[in-house]
1. Can you pull out every residue in segment 122-135 that is outside any loop (DSSP other than H, G, I, E, B) and polar (S, T, N, Q)?
2. Do any helices (runs of 4 or more DSSP H) lying entirely in segment 136-201 carry at least 3 residues that are in contact with a strand residue (DSSP E or B) (Cβ under 7 Å, 6 or more places away or on another chain) and farther than 23 Å from SER126 by Cα, and which ones are they?
3. Sort out which residues of segment 105-127 are more than 14 Å from the ligand (Cβ to nearest atom) and touching a residue at least 24 places away in the same chain (Cβ under 8 Å), and write them in order of number.
4. The conditions are (1) in a helix (DSSP H, G or I); (2) within 16 Å of the ligand (Cβ to nearest atom); (3) not hydrophobic (A, V, I, L, M, F, W, C), and GLY68 fails exactly one of them. Which is it?
5. Determine whether ASN146 is within 16 Å of the ligand (Cβ to nearest atom) and modelled with pLDDT of 95 or more.
6. Which one of ASP135, ASP191 is at pLDDT 95 or above and more than 16 Å from the ligand (Cβ to nearest atom)?
7. For segment 75-102, which residues satisfy the criterion of being in a loop (DSSP other than H, G, I, E, B) and exposed (fewer than 14 other Cβ atoms within 10 Å of the Cβ)?
Amino acid sequence: MAFELPALPYAKDALEPHMSANTFDFHHGKHHNTYVVNLNGLLDGSDLAGKSLEEIIMATAGDSSKAGMFNNAAQVWNHTFFWNSMKPNGGGAPSGDLAAKIDADFGSLDAFKDAFKQAGATQFGSGWAWLVVGDGGKLEVVKTPNAENPMTQGKTPLLTCDVWEHAYYLDYQNRRPDFLAAFLDNLVNWDFAAENLANAG
Ligand code: MN3
């Protein structure tokens, strides 16, 4: 029972002009797919075959002898989560409990957005910016390098933005801050974040 590349939750041109179909052809069709293929290859004959993605991530995190398995499993999870962190005509403001928690824990939506952009822009090299439920149930912005996922630190991801160069280079070239601004202003899927917050309990 191999993992499969999940379909995008929208058409590949649905996020234009903020994220192009060309970017999705490479990022979903090539990069994400390669992580799936590599993971399935590594799982073949492994004692982790048949486990869920989350179980594989948690079982291999921090184990240098299983770095390949961790990196590919986490990248499969992170990319699927990233696609769902965006939607056509996204952006705007959250509502309900999520809006109240953002105001309580960051001071304002703008303060959250500044923190998220700062995290993404200052992640040296490849990685991810995240909104998570962290210590004591407080919302936090964190950045992680490479394939790392905050779930291995006991935090619950609500949203993520991929800041590997392959995520934005075709549309924004070197302008990572412009990509992060477009993610927050035009793409972010607050409904997805609110659902993840509700499930975090
Ligand atoms: Mn990527």
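1. Correct list: THR122 only.
2. Correct list: 190-200.
3. ASP105, PHE106, PHE112, LYS113, ALA115, PHE116, LYS117, ALA119, ALA121
4. Looking at each condition in turn, GLY68 falls short on (2).
5. So ASN146 passes the test.
6. Being at pLDDT 95 or above and more than 16 Å from the ligand (Cβ to nearest atom) holds for just one of ASP135, ASP191, which is ASP191.
7. ASN89, GLY92, ALA93, SER95
The rows are residues; the columns are (1) assigned by TED's automatic domain parsing to the domain that holds HIS166; (2) touching a Phe, Trp or Tyr at 6+ places or on another chain (Cβ under 7 Å); (3) under 22 Å from ASP178 (Cβ atoms).
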| site | (1), (2), (3) |
| --- | --- |
| TYR10 | no, no, yes |
| ASP13 | no, no, yes |
| ASN33 | no, no, no |
| VAL36 | no, yes, no |
| ASP47 | no, no, no |
| LEU53 | no, yes, no |
| SER65 | no, no, no |
| ASN72 | no, yes, no |
| ALA100 | yes, no, no |
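The values are calculated or read from the model by the stated rules, or taken from the named source; none is laboratory data. Just so it is clear, the model here is predicted, and its values are computed rather than measured. Every residue, glycine among them, receives a Cβ derived from its backbone with ideal geometry; neighbour counts consider all protein chains shown. Each accessible area value is taken on the protein alone, full model and side chains, heavy atoms only, with ligands, DNA and RNA left out. Shrake-Rupley method; radii C 1.70, N 1.55, O 1.52, S 1.80 Å.
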